[in-house]
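A.B. asks: First, the structure itself, so that you have it in front of you.
No value in this document is a laboratory result; all are computed from the given coordinates. Just so you know, these numbers come straight off a predicted model, no measurement behind them. Don't worry about glycine lacking a Cβ; one is built from the backbone with ideal geometry, like all the others, and counts go over all protein chains shown.
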Amino acid sequence: ERLPELLSLMPKAELHIHIEGSLEPELIFALAKRNDVQLPYADVAALRSAYAFTNLQSFLDLYYAGASVLLHEQDFYDMAWAYFEKAKADHVVRAELFFDPQTHTARGVAMGAVIEGLSRACRDAHTQLGISADLILCFLRHLSEDEALATLEEAMPWREHFIGVGLDSSELGHPPEKFARVFARARELGLHCVAHAGEEGPPAYIWGALDVLQVERIDHGVQAIHDAGLMQRLADSQMPLTVCPLSNLKLCVFKNLADHNLGQMLDAGLCITLNSDDPAYFGGYLNDNYLQTFAALHLNAQQAYKLAANSIEASFAPEADKHRWM
Ligand code: HPA
Ligand code: ZN
């Protein structure tokens, strides 16, 4: 009966959080009012009741609609600050935030407003909350590689404000190979590389992320279970997987949390981490993911320590910080 306390209180890193996915309905409505943006929902309750997803795409449609209220630097700051307050309560010591610049620049929002707002929140999280935080710029994989390349170049004036690049949005039909050149460019620039792979997509997309994009972590990766050779590769290399159980549940990747394969992947010796993905949409922040997953899968304290240690080890924080947290 001490396990929930341990899960809640232990220091942990969050490595898979889309900051636009932390936008709660209340803040969406507050920003809509502040910015005079019209929403196709009458109120917070009507919006929240639309959060019934059948797959990744059905979620993404609402996620992009919610992000339409973000216009100014302060909006991005306020969104990230609200997340950091939740993260603090969950004993998150390190957060690596995904952001989707193309979702905003396509609406005429300046790249500088996006990055400077988020970056200022990261700095304040460090000084005021003691959370170490950095940004990872994600390319939308339903758009072209040329658009991703243009986005990376457009962000170069703010090169020191983000530590890596990622790949998100609609997975099926958009394999990692489509983004080979932009990830090669990111590596040249000294950026860390991660990619969503094997959330809904096949094991081949995980192989592609590893071999073609040369990523340092796989985001999700739960479909690896269907490929024994890939499981061996992931175990041997200790390639971190940023697994998001409540996301997988809400997007119907698994029918019940009790069906989730995280326990099997831990038992197979993979470097698994637990994360929230889009907490405002999937019904829980990081500790909710730990608590509900441990209850559903009957995991133990040793596995709790392992997941927390993995999260810190797999982070891109300076080694000195990692040692302090472990
Ligand atoms: N998968 C892909 N793209 C995303 C996700 C996700 O879980 N969340 C936000 N963008
Ligand atoms: Zn994600």
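A.B. asks: Please verify whether GLU200 is under 19 Å from the mean Cα position of the chain (by Cα) and either in a loop (DSSP other than H, G, I, E, B) or surrounded by fewer than 19 Cβ atoms within 10 Å (Cβ to Cβ) (or both), treating the condition exactly as stated. So that I can check it myself, show each step before the final result.
C.D. replies: On the way: under 19 Å from the mean Cα position of the chain (by Cα): yes; either in a loop (DSSP other than H, G, I, E, B) or surrounded by fewer than 19 Cβ atoms within 10 Å (Cβ to Cβ) (or both): yes.
Judged against the criteria, GLU200 is a match.
A.B. asks: Right, GLU73: charged (D, E, K, R) and surrounded by fewer than 18 Cβ atoms within 10 Å (Cβ to Cβ) or not? Show your work before the answer.
C.D. replies: Values: charged (D, E, K, R): yes; surrounded by fewer than 18 Cβ atoms within 10 Å (Cβ to Cβ): no.
Against the criterion (charged (D, E, K, R) and surrounded by fewer than 18 Cβ atoms within 10 Å (Cβ to Cβ)), GLU73 does not qualify.
A.B. asks: When you go through (1) of a type in the set (Ser, Thr, Tyr); (2) surrounded by fewer than 19 Cβ atoms within 10 Å (Cβ to Cβ); (3) closer than 22 Å to GLY173 by Cβ one by one for TYR51, which number turns out not to apply?
C.D. replies: Of (1) of a type in the set (Ser, Thr, Tyr); (2) surrounded by fewer than 19 Cβ atoms within 10 Å (Cβ to Cβ); (3) closer than 22 Å to GLY173 by Cβ, only one is false for TYR51: (3).
A.B. asks: With respect to LEU213, is the statement that it is of a type in the set (A, V, I, L, M, F, W, C), buried (at least 17 other Cβ atoms within 10 Å of the Cβ) and under 22 Å from HIS174 (Cβ atoms) true? Lay out the reasoning, then the answer.
C.D. replies: On the way: of a type in the set (A, V, I, L, M, F, W, C): yes; buried (at least 17 other Cβ atoms within 10 Å of the Cβ): yes; under 22 Å from HIS174 (Cβ atoms): yes.
Answer is yes for this residue.
A.B. asks: Quick check on this structure: which one of GLU160, GLU147 is under 25 Å from ALA95 (Cβ atoms) and surrounded by fewer than 19 Cβ atoms within 10 Å (Cβ to Cβ)? Write out each step before concluding.
C.D. replies: Details: GLU147 fails: under 25 Å from ALA95 (Cβ atoms).
Every option except GLU160 fails the conditions.
A.B. asks: Residues of region 84-111 being farther than 23 Å from HIS142 by Cα and in a helix (DSSP H, G or I), which ones?
C.D. replies: Correct list: PHE84, GLU85, LYS86, ALA87, LYS88, ALA89.
A.B. asks: For region 234-253, how many residues meet the condition of being surrounded by fewer than 17 Cβ atoms within 10 Å (Cβ to Cβ) and either on the phi < 0 side of the Ramachandran plot or away from ligand 1 (no atom under 15 Å from the Cβ) (or both)?
C.D. replies: Taking region 234-253 as the starting set, the residues that turn out to be surrounded by fewer than 17 Cβ atoms within 10 Å (Cβ to Cβ) are 235-238, 252.
Right, trim to either on the phi < 0 side of the Ramachandran plot or away from ligand 1 (no atom under 15 Å from the Cβ) (or both) and you get 235-238.
Residues that pass the stated criteria total 4.
A.B. asks: Only residues in region 188-213 that are more than 23 Å from ASN248 (Cα to Cα) count as the first member; pair them with residues that are buried (at least 24 other Cβ atoms within 10 Å of the Cβ), Cβ under 7 angstrom, at least 6 apart or cross-chain, and list the lot.
C.D. replies: Taking only residues 6 or more apart or on different chains, the pairs are LEU191/VAL165; VAL212/PRO176; LEU213/PRO176; LEU213/PHE179; LEU213/PHE183; LEU213/ALA195.
A.B. asks: I would also like to ask the following. Looking for whichever is crowded, with 18+ Cβ neighbours inside 10 Å, away from ligand 2 (no atom under 16 Å from the Cβ) and of a type in the set (A, V, I, L, M) here; the options are LEU266, LEU274, LEU262. Which one fits? Before the answer, list the steps.
C.D. replies: Values: LEU274 fails: away from ligand 2 (no atom under 16 Å from the Cβ); LEU262 fails: away from ligand 2 (no atom under 16 Å from the Cβ).
Exactly one of LEU266, LEU274, LEU262 is crowded, with 18+ Cβ neighbours inside 10 Å, away from ligand 2 (no atom under 16 Å from the Cβ) and of a type in the set (A, V, I, L, M), namely LEU266.
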